[in-house]
1. Describe numerically, in nm with one decimal, the distance between label points set 7 Å from Cα along Cα→Cβ at ASP232 and at SER641.
2. Quick one: grab the alpha carbon gyration tensor of segment 496-604, order the square roots of its eigenvalues as a ≥ b ≥ c, and give me rounded if a/c is under 1.5, else prolate or oblate depending on whether a/b is larger than b/c.
3. Could you give the Stokes-Einstein D for the chain in µm² per second, using the C-alpha Kirkwood radius, 10 °C, 1.306 mPa s?
4. Please give the net charge around LEU268, taking every other residue with its beta carbon less than 9 angstrom from that of LEU268, where Lys and Arg add +1 and Asp and Glu add -1.
5. Are any of the pairs LYS234/LYS307; LYS204/LYS376; LYS649/LYS675; LYS217/LYS325; LYS425/LYS675 more than 28 Å apart by Cα-Cα distance, and if so, which?
6. Rounded to whole Hz and in sequence order, give me ³J(HN,Hα) for segment 656-667 from the Karplus expression 6.51 cos²θ - 1.76 cosθ + 1.60, θ = phi - 60°, writing x for Gly and Pro.
7. Whose amide H sits under 5 Å from the amide H of ILE105, counting only residues 5 or more places off or on another chain, with H placed in the peptide plane?
8. For segment 275-325, which chymotrypsin sites (Phe, Trp or Tyr not before Pro) are both in a DSSP coil and crowded by at most 16 other Cβ atoms within 10 Å?
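What follows is calculated from the coordinates using simple rules that are stated; it is not laboratory data. Keep in mind the model is a prediction, meaning the values are calculated, not measured. Using ideal geometry, Cβ is built from the backbone for each residue, glycine included, and neighbour counts are taken over all protein chains shown.
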Amino acid sequence: MNFVCNALLTLCRFILICSSLLVSSYSSAVNMPLTPELQVLFPTASHIDKDDKDLSIIPVYLFSDIVGYAFQTAEIFPVRGYGGKPIDIMIGLSPEGRYTGFVVIDHYEPIFMKGDGPQRLVNYMQQLIDVPASNNIYIRGDNQKTLKGRGKSTYIDGITSATVTTNAINKTITKAARAVAQAKELAGYASQSHYIPKMDHFEKLSLSQLVERGLVKHWSIYKQQINAAISDKKLGYPSQPVSIENQPPLAELYAAYFSHPLVAKNLLPDARYQDWLNYKTEGDQYVLLFSKGLWKQQPFSNFLGLKQRNTDVIRKKVPDFDISKELPASGWDEVALYRIPPVATFDPLARTKMIFKASPGINLYDDFQLPAGDFKAELNQEANELALWQELWQQRQNEIALLTLGLVLLTMLFLNQHYAVLNPKIFHKIRLGYLAFTLFFIGYYAQGQLSIVNLLTVQHLWMEGASLTSFLLDPIISILWCYVLISLIFFGRGLFCGWLCPFGALQEFAGILATKLKIKRWKIKPTWHNRLQKLKYVLLISIIGATFYSLALGETLAELEPFKTSITLYFIREWQYVIYALILLLLAMKVHKFYCRYLCPLGASLAILGAFPIFNWLTRRAECGTPCQNCRVNCEIDAISKEGDIDMKECVQCLECIVINYNPTLCAIEVADTKRKNKREKQADNIIASTVDV
Ligand code: SF4
Ligand code: SF4
């Protein structure tokens, strides 16, 4: 049945393309067939218009009727996801401003790179088909109090363990779609500019001073530049730079942001300025284009395009406010005032691209950006809109509060560790309770498993010179990393590995279960233990080295970490990954924290960074090592040498040796001392008793 439908659809499409090509041969536009992505977005469409292909918005047609627009989010409104790069999605938008479909073009979201990840992304976005682009998108169950935004809301199912990615997708989709809807003047997309001119300051400025200040753009166009553009087009690559020295310009163009009083008041006589104030309408913005020169095809402004965010700026000529006689200097060939309506969402502080269309296919480019110092933020809702990372922090404020409380308690425990260990029973309960908090709250609930992938992402962002704000997208991960980096300086790697790593905690629970089940532990021989310990450093170097070559390869190797399987995805994943994670947990039942000791690249990186902590409160006695081996035998991770020294690169700060050290009933030296003392006291008692008898 499916086959028959597909065959019919293909036949229809073939007929439509043939018909449209036939039609196109009689029209000036050159039509092109649909790409596979466009076929997904618009299954019944026939072609696109080749004339529009250099625009980021592709109009899609069925014969001569437009059936929608296609565009890529990375070009219109890029939003970086968890992987540090923009998630690029091709979106179809109907003329009514509703989503028609989504195709993922490119992304670096670690959780969606492998297995059924891409399909899960597609399924997530399919929920938005036919939803108006004006709607705000929320995940069901999001913190309702923190949700902001005007207009209607659409609630969809989220993806487990992918809060950052889904929020980034929601933002990039809605922002890009609204920009396109506004650019194409689809109904109901009015919006105000975020910045408005400062009105309270005036100074007398000439035209050249306005140009110098950046409020007016002056562009000189030379014949030689046009000839070079023609030759570039023929060659297919850029030719030599042209010399325009001592050459008269073909055209001199001025583009003035007329909405700014500094511009209008300086260019107009006082009386006319008053007329202008009465004439202009609230909410609209105005650009004045005036030109002169040898260019004979008039009006010149018809050959000039303005673009922002790769989208044509919508502008309408103002025919009934003539100021051609009032402008400074004279001899202007054209003075054209343009109104930019609110739907254009023209941002005076964004870069505006200017395109001079000298002849079909021959364009010259320049741009301008108005000076931020002459504008102020408009205090409306849009201007107050939060960045994605701020929204995510707001949404997760309860989790942030609980995590912060947990970290404060842990810090207090560490600062008072010598008191905390005085009662071993209570201390062991506290430690077990904290490990449960780490596993169930930090790991499973708040999804705060730190991973080598976080470091790879930072490395990649740094290599690309990109902003590190994408690292802030997950508040739990950001807070934990800040805390861990500081704790590395003071306590070494152990504070994280012994207390805050969910998979580390899971291994400890596996070990406790093994003890309860009376499963015999393996003791790794010291020579093998020393050799195997180095393996994790080799793995770390391999992963980081691979990332320099390709982030995707680095992330593939980082699958060595069982964190994604066992914590992030709750063991719901392809069977190979699940088996691997289970094997590591079985090994943890036989060898205490097997994965941490020998394999963990994250543990290795933390060991290097925290090799020399400021505080070493794991106090030792003179007898530790010689002759006493009690702590060494009881250190389950084998971080104490025969000489009694603690290897801070391996120690996970479980504080067990401190428990022993500070308890007279556990420390072998204290026990022996007590025995000797008791013996002496007994002997003294015996002597006294025998003296009394005599
Ligand atoms: S060594 Fe790795 S798995 Fe073990 S506790 Fe440290 S980070 Fe977690
Ligand atoms: S017993 Fe002592 S040396 Fe061994 S891991 Fe625990 S704190 Fe570190």
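1. The modelled label-to-label distance comes out at 6.6 nm.
2. Oblate shape, in that a/c is at least 1.5 and b/c is the bigger or equal ratio.
3. 51
4. -1
5. Long pairs (Cα-Cα over 28 Å): LYS649/LYS675.
6. 5, 5, 6, 4, 5, 4, 9, 10, x, 8, 10, 6
7. Long-range HN contacts for ILE105: ASP88, ILE89, MET90.
8. Listed in order of number, the matching sites are PHE321.
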